[in-house]
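In what follows, a structure is listed as structure tokens, so that the remarks can point back to it.
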Amino acid sequence: MDLADLKSGRLTPDDYAQNFADAHPPLNRTQALIEAERCYYCYDAPCQTACPTGIDIPSFIQRVAQDNVRGAAEAILTANPLGGMCARVCPTEVLCEQACVRNTNESKPVEIGLLQRYAVEGHLTNPGKPLFERGGSTGRRIAVVGAGPAGLAAAHGLAWRGHDVVLFDANAKLGGLNEYGLASYKVAGGFAQKEIDWLLSIGGITPKLNCLLGRDMTLDGLLAEYDAVFLGLGLAGVNALGIVEPELPGLRNAVDFIAELRQSAPEIVPVGRKVVVIGGGMTAVDAAVQSKLLGAEQVTMVYRRGPDDLSASTHEQHWAQTNGVTIRCWARPLGVEAEGGVLRGMRFAATRLEGGKLVDTGEQFVIEADMVLRAIGQSYVTESAGSAIALEAGRIRTDADGQTSLARVWAGGDCRAGGRDLTVEAVEHGKRAAISIDRALGLATVRHLDKEASHG
């Protein structure tokens, strides 16, 4: 093993094209019409209750069955302005599709996610007249900091209500997690930006990129200039392994690896011949599978606890394994194995539960690797918003509508305490915060109230 084991261009152009194509191709019209007919169109539908954004699923599926794509998209996007991305990345198998009553008799739910994708993408391809018309200007200015799912949903909801929104983001592109944090095969074809272009088309939203809170502006400064502030800051910190981590080629954070792959052609992204991914969540799966798709010969995901404790869904675990990833549980990292400035592997301690606590068994082992990706979670960077804002379990404390401990400041998405770190939940945070901000400003109007409970 030498430095040449960490390299790009391991595969042919055709291999890359195939490996990073859409992992779950969309339904065509015939398939969508047939699948839509499987829906019972339940009253008090459990699938709708299971959706964090409360999409009227029976209604949109019935419109698909009637070949009314525009109407279906309107039903979806009224409740979830990022309904296209959520259709691609939501863990529907543990949300709406798990609740589908078809499971009882057939053990196979209606393919709600694919039908949602069919409707939204069909509309975005041929949008016609805008679905939503922006309200008259209120003269109020709102700062939205962070253009991930929560910030985008908040910005859209506020603009729809007639407020002028300035949307700040630290990156060169809008989208946050949707643009930088998800596997390429989940969002092939640049769809994240296409949906953002649609979202911005409502008007009243001015993006300001490469602006980092705490560096380029402060929360106090924003409050002096704007009527309200929404913080959709995400989780910018990466948890350390708790061991000595030397600066070595191939030892890096999984989130940076995923972001590089999203912003680059796959053939120029270096990958090891033997890759170890430390972690058991969705990020670990995305990093591990993409390492394999880039041409790594051996990829191992290592997690400190048992299979039942993995935060990646059963569906994602199966996806990793079918793509050649080995998942090894009951092991925690002890140290990096290196020689002459070259990464050679990782040393682990075998673990077990004893009296409800994780302990070492006394056994140690080494997994050879020329690339190690850390994927053991991310954390909220408290310095960005300052110390005045109250935290809970290391994230921003809010009420149910996203109001923080500070007047005129709301928060949502992964930076908010108590969430499940789901894209669809972040959208709901932004949607509810937009309603709350509008009401706090005393500008909720009769014209809007009929839709306020659902529209973001």
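List of remarks:
- Taking the conditions (1) in contact (Cβ under 8 Å) with a residue 12 or more places away in the chain; (2) not in a loop (DSSP other than H, G, I, E, B); (3) not polar (S, T, N, Q) in turn, Val359 satisfies each one other than (1).
- Segment 159-177 residues that are in the same structural domain as Asn210 (by TED's automatic domain parsing), paired with ones that are surrounded by fewer than 24 Cβ atoms within 10 Å (Cβ to Cβ) and acidic (Asp, Glu) (beta carbon under 7 Å, 6 or more apart): Lys173/Glu179
- Taken over segment 167-176, the residue count meeting the criterion of being buried (at least 22 other Cβ atoms within 10 Å of the Cβ) and not acidic (Asp, Glu) is 5.
- Subset of segment 203-236 that is of a type in the set (D, E, K, R) and not in a loop (DSSP other than H, G, I, E, B) - its residue that is surrounded by the most Cβ atoms within 10 Å (Cβ to Cβ): Lys208
- The combined condition, being assigned to a helix (DSSP H, G or I), crowded, with 21+ Cβ neighbours inside 10 Å and touching a residue at least 24 places away in the same chain (Cβ under 8 Å), is fulfilled by Arg63.
- The number of residues in segment 371-400 that are more than 22 Å from the chain's Cα centre (by Cα), within 29 Å of Ile243 (Cβ to Cβ) and free of Cβ contacts under 8 Å to residues at least 24 places away in the same chain comes to 0.
- Residues in segment 306-335 that are among the hydroxyl-bearing types (Ser, Thr, Tyr) and either buried (at least 19 other Cβ atoms within 10 Å of the Cβ) or within 20 Å of Glu97 (Cβ to Cβ) (or both): Ser311, Ser313, Thr314, Thr322.
- Within segment 50-64, not a single residue is of a type outside the set (D, E, K, R), in contact with an Asp or Glu (Cβ under 7 Å, 6 or more places away or on another chain) and at positive phi.
- Checked against (1) among the small types (Gly, Ala, Ser); (2) under 17 Å from Ala192 (Cα atoms); (3) modelled with pLDDT under 95, Gly113 passes all but a single condition, namely (3).
- Complete set of residues in segment 16-31 that are at pLDDT 95 or above, within 29 Å of Gln66 (Cβ to Cβ) and either out of contact with any Lys or Arg (no Cβ under 9 Å at 6 or more places or on another chain) or of a type in the set (Ser, Thr, Tyr) (or both): Asn28, Arg29, Thr30, Gln31
- Subset of segment 121-154 (residues that are touching a Phe, Trp or Tyr at 6+ places or on another chain (Cβ under 7 Å) and β-branched (Val, Ile, Thr)): Ile142, Val144, Val145
The values are calculated or read from the model by the stated rules, or taken from the named source; none is laboratory data. Note that this is a predicted model, so its numbers are computed, not measured. Cβ: placed from backbone, ideal geometry, glycine included. Neighbour counts: every protein chain shown.
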